[in-house]
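Participant: Got a structure here, written out as structure tokens. Questions coming.
The values are calculated or read from the model by the stated rules, or taken from the named source; none is laboratory data. All values derive from a computational prediction rather than experimental measurement. Heads up, the Cβs are rebuilt from the backbone with ideal geometry, glycines too, and the neighbour counts pull from every protein chain shown. Quick note on the areas: whole protein, heavy atoms, side chains included, nothing else; ligands and nucleic acids left out. Shrake-Rupley method; radii C 1.70, N 1.55, O 1.52, S 1.80 Å.
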Amino acid sequence: MKAIKVGLLGLGTVGTGVVRIVEKHQEDLLSQVGSPIQIEKIAVKNLKKERSISVDSSVLTEDPWEVIRHPEIDVIVEVMGGINETKTYLLEALALGKHIITANKDLMALYGSEILAKALEHQCDVFYEASVAGGIPIIRTLIEGFSSDRITKIMGIVNGTTNYILSKMSRESASYEDVLKEAQQLGYAESDPTSDVEGLDAARKMAILSTLGFRTNVELKDVSVRGISSVSKEDITYAKQLGYEMKLLGIAECHDDGLSISVQPTMVKASHPIAAVGGVYNAVYVHGEAVGETMFYGAGAGELPTATSVVADLIAVIKNMKLGVTGLKAIVPYKEKKLRADERIFYKNFLLLQVDDKAGVLAQITQVFAEYEVSLDSVIQTPNAQQPGAEIMIVTHLANKASMDKVVKHFESMSVIRRIKSIYRVEG
Ligand code: HSE
């Protein structure tokens, strides 16, 4: 029986998992696709590197072009990461008629539409299940599972590093700096954690999910981003007192008048199922007009969970090859993009203000909310022995983003407000 030959770009954590799963599940794969799957060639950075799996040395090469231009390879699996050089490799592979599977969220968030256009031109498949939330099959769910519905909201904890940090801060009342340092020592956080902690990694994943969920070409610049580096231990304590958990949440909404997509530390009602997602785990909540609420939970990274998604894509590509239906039409976004104006983006807010402790201050503050038509849910003054003045916690009802920006600007000019200590979106 003729084997389907696959080329691998990269043999790091995910690549190693792919080799392991293809070897270990060979019989199951054969039953599902009707042909053996053979990893024909693997491009690595360093041939001499010690590896946790044994691979025949004739399979390895340091030249990615040897994999891409190999005449017998039909499918390229890209698990090497990187952006510009990797894009060149993949575009060339597509031009040669090879199908692509990639785990590369950075590449897909930035150049997904260019890669998909090239694939369409050459009637090739591009699948990228592993690019978002590792082992959770959320991309296939959005494309296929919800193909009959209209998705109105996607909320995701799609970055394990920041979820680990916030969960630990919450559980142990620890500071951001201490938990980050520990996460780096344990290898959960990168030595340069910027992309994770400043929300960029999550923003890329939300751009991918909202493109697929809303069938519109959402770009990274459409996602407003705020990371977790300013979240304090005190913020988390106050959030808990009010019945919320702090989570770095991607929130994408689709309404008749447009889309809004953001990533920010968010106070989530403790009773919402996404508030219970702790540690390095990921979860994606999807609301559809017809289906209502759904939620998907699992490992967001790691060798075997991520490789599971890659190999599932491999099975899908091979099935399409056998059916002669490769070519992607179903997942190229087809709806015109319209972003919602700030006046139409509504959510609740939490504010922590440090103010002068004297008569009339609260009245001045509530007057500003009234002026911009922001209605308040609760106002609590908290004693704070460590600081002069008083602290006031405020939770608003749903307010539009434009009005809240005006409130904050106004507060910044008021002498009785010594400092706006914190401001967070509130969900649930
Ligand atoms: N840096 C990512 C995370 C890894 O922390 O979730 C998976 O993309």
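Participant: With every protein chain left in place, what is the accessible area per residue of the chain in square angstrom, probe 1.4 Å?
Facilitator: 44 Å²
Participant: Find which of T294, I21, I100 sits farthest along the positive direction of the dipole of the chain, computed with +1 on the beta-carbon of Lys and Arg, -1 on that of Asp and Glu, about the Cα centre.
Facilitator: In the chain, that residue is T294.
Participant: How large, in Å, is the stretch 91-154 by the Kirkwood hydrodynamic radius built from its alpha-carbon pairs?
Facilitator: 12.8 Å
Participant: Compute the Cα gyration tensor for the stretch 359-428, then decide on rounded, prolate or oblate, letting a ≥ b ≥ c be the square roots of its eigenvalues: rounded whenever a/c is under 1.5, prolate when a/b is larger than b/c in the other cases, and oblate in all that remain.
Facilitator: Since a/c reaches 1.5 and a/b is larger than b/c, the shape of the stretch 359-428 is classed as prolate.
Participant: What do you get for GluC sites (Glu not before Pro) in the stretch 277-363 restricted to DSSP loop and a cutoff of at most 15 other Cβ within 10 Å of the site's Cβ?
Facilitator: E289, E336
Participant: Follow-up. When the Kirkwood radius is taken over all Cα pairs of the chain, what Stokes-Einstein diffusion coefficient follows at 25 °C and 0.890 mPa s, in µm²/s?
Facilitator: My calculation gives 105 µm²/s for D.
Participant: While we're here: Please give the calculated 222 nm ellipticity per residue for the chain, where each DSSP H segment of at least 4 residues contributes -39500 (n - 2.57) and the sum is spread over every residue; nearest 500 deg cm²/dmol?
Facilitator: The helix-only estimate for the chain comes to -11000 deg cm²/dmol at 222 nm.
Participant: Over all pairs of distinct alpha carbons, what does the Kirkwood formula give as the hydrodynamic radius of the stretch 165-276, in Å?
Facilitator: Answer for the stretch 165-276: a Kirkwood hydrodynamic radius of 15.0 Å.
Participant: Ok, one more. May I ask which of K168/K338; K48/K98; K41/K205; K105/K337; K118/K322 have a Cα-Cα span longer than 32 Å here?
Facilitator: With Cα atoms farther than 32 Å apart: K168/K338.
Participant: Projecting each Cα onto the charge dipole of the chain (Lys/Arg +1, Asp/Glu -1 at the beta carbon, about the Cα centre), which of V263, P273, L248 comes out farthest on the positive side?
Facilitator: Highest projection toward the positive end goes to P273.
Participant: Within the stretch 191-254, report the GluC sites (Glu not before Pro) that DSSP leaves as loop and that have at most 16 other Cβ atoms within 10 Å.
Facilitator: Passing sites in the stretch 191-254 are E219.
Participant: For the pair K406 and T194, how long in nm is the line joining their label points, each one 7 Å along Cα→Cβ?
Facilitator: 3.6 nm
Participant: Just to confirm the filter: which GluC sites (Glu not before Pro) across the stretch 1-62 are DSSP coil and have at most 11 other Cβ within 10 angstrom of their Cβ? Spell out each step's value before the answer.
Facilitator: Numbers: sites: E23, E27, E40, E50, E62; in loops: E50, E62.
Answer in residue order: E50, E62.
Participant: I've got another one for you. Going by a ≥ b ≥ c, the root eigenvalues of the Cα gyration tensor, does the stretch 1-107 fall in the rounded group (a/c under 1.5), the prolate group (a/b larger than b/c) or the oblate group?
Facilitator: oblate
Participant: Moving on. Just the number, please: carbon plus sulfur as a percent of the accessible area of the stretch 352-428, 1.4 Å probe, no ligands or DNA/RNA counted.
Facilitator: On the way: 1920 of 3900 Å².
Solvent-exposed carbon and sulfur of the stretch 352-428 make up 49 percent of the total.
Participant: Straight-line reach only, C-alpha to C-alpha below 14 angstrom: list the aspartates and glutamates that K2 could link to, leaving out same-chain residues fewer than 8 apart.
Facilitator: Correct list for K2: E40, E72, D74.
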